[in-house]
Amino acid sequence: MAYNAAMRANQPFERAIGALISCVVLSACGADTASEEQSSFSVRAVTFPGAEGSAQPRLTADRDGTPVLSWLEPAGDGVALRYARFESQAFEAPRDVTRGDDLFVNWADLPSVQPITADVWAAHWLRLRPESNGPYDVVTTVSTDRGRTWSAPLKLNDDDAEAEHGFVQIFAWDQGIGAFWLDGRQLAEWSFEEPDALLGTSLRVARLDASGAVVAREIVDELVCDCCQPDMVMLPSGPVVAYRDRTPEEIRDIVVRRYAGGAWQEPVGVGDDRWHIEGCPVNGPQVAAAGERVVVAWFTAAGDRPRVRVAASTDGAQTFEPAVDIDGTGSFGQVGLVLDNDGTALVTWWRKAASGGLELALRAVGADGSLGRVLVLAQSRESQPVDVPQVIAADTGLLIAWTSLDEAGAVHTLFIDDRSKLRPVP
């Protein structure tokens, strides 16, 4: 299957993809929302190292904080998972992780390349079952030479159910590797004999050793939202995972769970939105930490008011302060989040543009809840997002990546040189 055909065939809700028009100069892109101090920092486009038709970018970082960009790229009749390091404000030459015609391509479920230690890296992607039009698995691979060569891929999920598995978050855990994912095997058990049985997607976690072999798996939550990407952050006590929960009454709010004392603690609600929705909004949270301060950003449409919210914890995600709304009606979410050591949160998201289409926005939230001005980073003629923009700290600045699916299609990247200038002005 050709790459572009695969990408379109795998779109949730069969959304058609139109042209995305990118803008990377703030003064020419949403100038009415840009702050007065924007002239004190620079924003520039960065040359993307991949080919036309590339999509699904994802940003991670190595142990020194150097960003690593991964993406999917057309490769003959198949797809390649590639990556490149961002060093000295430019991308190095890209390298391959894998190529094949069985990679499942999905706009919201992104593969990843994640450095674990200086030498050990891990990667994952979604693999279609042979001669199957629906079910797919998560496969992982490990490199012990900083991504130059990779081990044979191993399946992360331990079932053969006719189900979907994905939305993976890989991270360093103790001396090994951890991986969260959303697992749909329980949905495969639904039957007409028990139509009211509440069977849904579960959130699971696995531990892998340095060779990539899975040494333990467990269920973190039996019932969660089906395709909202979870996110995690590591605290001294252990990992904290943020995800969209699901109750039997179809309330799908954001919660966090901490791993402490060798066990998963009870979920803690972040915003108490009480969003009742009988379906997945495909809109996951982001979480970040600086010391014991933990910040979560997310989208909700509770009360028929679409908006992006931010909530902070000062006790390691045991409790959260009241949430702050940073964008009102017109938000589409798909948030990104960076947290500075002074407690300033920098949030990106898609929202409706006044002139039609979409705009990629960025806003700072101070540790005291104060809000900076909204900066517009990119514009799109699409009516709904077909992409999950990525943002990560890079030296003293910010690196941002998103997919521009115009006629040829490409990944766009830009760099803001000094993120401290984005903080709210007293």
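Here are a few things to note about the model shown:
- For I416, the requirement of being among the hydrophobic types (A, V, I, L, M, F, W, C), in contact with a helix residue (DSSP H, G or I) (Cβ under 8 Å, 6 or more places away or on another chain), at pLDDT 95 or above and buried (at least 17 other Cβ atoms within 10 Å of the Cβ) is met.
- Among the residues making up region 230-284, those that are of a type in the set (S, T, N, Q) and either within 18 Å of the chain's Cα centre (by Cα) or under 23 Å from V308 (Cα atoms) (or both) are T247, N283.
- Residue identified as within 17 Å of the chain's Cα centre (by Cα) and over 27 Å from V240 (Cβ atoms) among V68, V105, V168: V105
- Residue count for region 68-111 satisfying the condition of being open to solvent by less than 10 Å² (accessible area, probe 1.4 Å), under 14 Å from L128 (Cα atoms) and among the small types (G, A, S): 1.
- When residues of region 218-248 are limited to those that are of a type in the set (A, V, I, L, M, F, W, C) and open to solvent by 40 Å² or more (accessible area, probe 1.4 Å), the one farthest from G336 (Cα to Cα): I219
- Looking across region 95-105, just one residue is out of contact with any helix residue (DSSP H, G or I) (no Cβ under 9 Å at 6 or more places or on another chain) and not in a strand (DSSP E or B), and that is D102.
- Residue match in region 122-130 (condition: open to solvent by less than 10 Å² (accessible area, probe 1.4 Å) and touching an Asp or Glu at 6+ places or on another chain (Cβ under 7 Å)): yes
- Positions within region 285-298 being open to solvent by less than 20 Å² (accessible area, probe 1.4 Å) and either charged (D, E, K, R) or in contact with a Phe, Trp or Tyr (Cβ under 7 Å, 6 or more places away or on another chain) (or both), in sequence order: P285
- Cβ pairs under 6 Å, 6+ apart, first in region 120-147 and within 14 Å of F180 (Cα to Cα) and at pLDDT below 95, second among the charged types (D, E, K, R) and in a loop (DSSP other than H, G, I, E, B): none
The values are calculated or read from the model by the stated rules, or taken from the named source; none is laboratory data. Given the structure is predicted, the values throughout are model-derived calculations rather than measurements. Backbone-built Cβ (ideal geometry, glycine too); neighbour counts: all protein chains shown. Calculation scope for accessible area: heavy atoms of the full protein, side chains included, ligands and nucleic acids excluded. Shrake-Rupley method; radii C 1.70, N 1.55, O 1.52, S 1.80 Å.
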